[in-house]
Amino acid sequence: ISNQLSEVLSVIERHLESTLLAVHLYGSAVDGGLKPYSDIDLLVTVTVRLDETTRRALINDLLETSASPGESEILRAVEV
C-alpha cells in the first residue's frame, strides 16, 4: 500500500498546504489485520476548518487515488 499512500499524501499536502498539521494511519494497516480488500484509514488534522471549495477539490482528487472495496486489485478504498 506504500505507493498508494504516497499518492494520497501528495494529494492531501497539495490541497491543504500550510493548514496540514498531521496525517495518521490507523486501522488494519497498522494493527496487523490488513486483508487483500481492506481499506486504508487516515485521520487528517488541519489547523483551520476547510472551506467548501477546498473540501470538494480534495475529495474529487482523493477519489482518483481510491477504489470501492473489492473493485481493484491495485487500489484500495481510502477513508479520510
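The values are calculated or read from the model by the stated rules, or taken from the named source; none is laboratory data. Nothing here was measured: the structure is a model prediction, and the numbers come from that model. We place every Cβ from the backbone using ideal geometry, glycine too, and count neighbours over all the protein chains shown.
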Can you pull out the residues in region 1-40 that are farther than 21 Å from S72 by Cα, touching a Ser or Thr at 6+ places or on another chain (Cβ under 7 Å) and of a type in the set (A, V, I, L, M)?
-> L21, A22
Quick one: A22 ticks every box in (1) surrounded by 11 or more Cβ atoms within 10 Å (Cβ to Cβ); (2) of a type outside the set (K, R); (3) under 15 Å from the mean Cα position of the chain (by Cα) except a single one, so which number is it?
-> (1)
For L43, state whether it is free of Cβ contacts under 8 Å to residues at least 60 places away in the same chain and either part of a strand (DSSP E or B) or in contact with a Ser or Thr (Cβ under 7 Å, 6 or more places away or on another chain) (or both).
-> yes
Only one of (1) in contact with a helix residue (DSSP H, G or I) (Cβ under 6 Å, 6 or more places away or on another chain); (2) modelled with pLDDT of 95 or more is not met by L34, so which one is it?
-> (2)
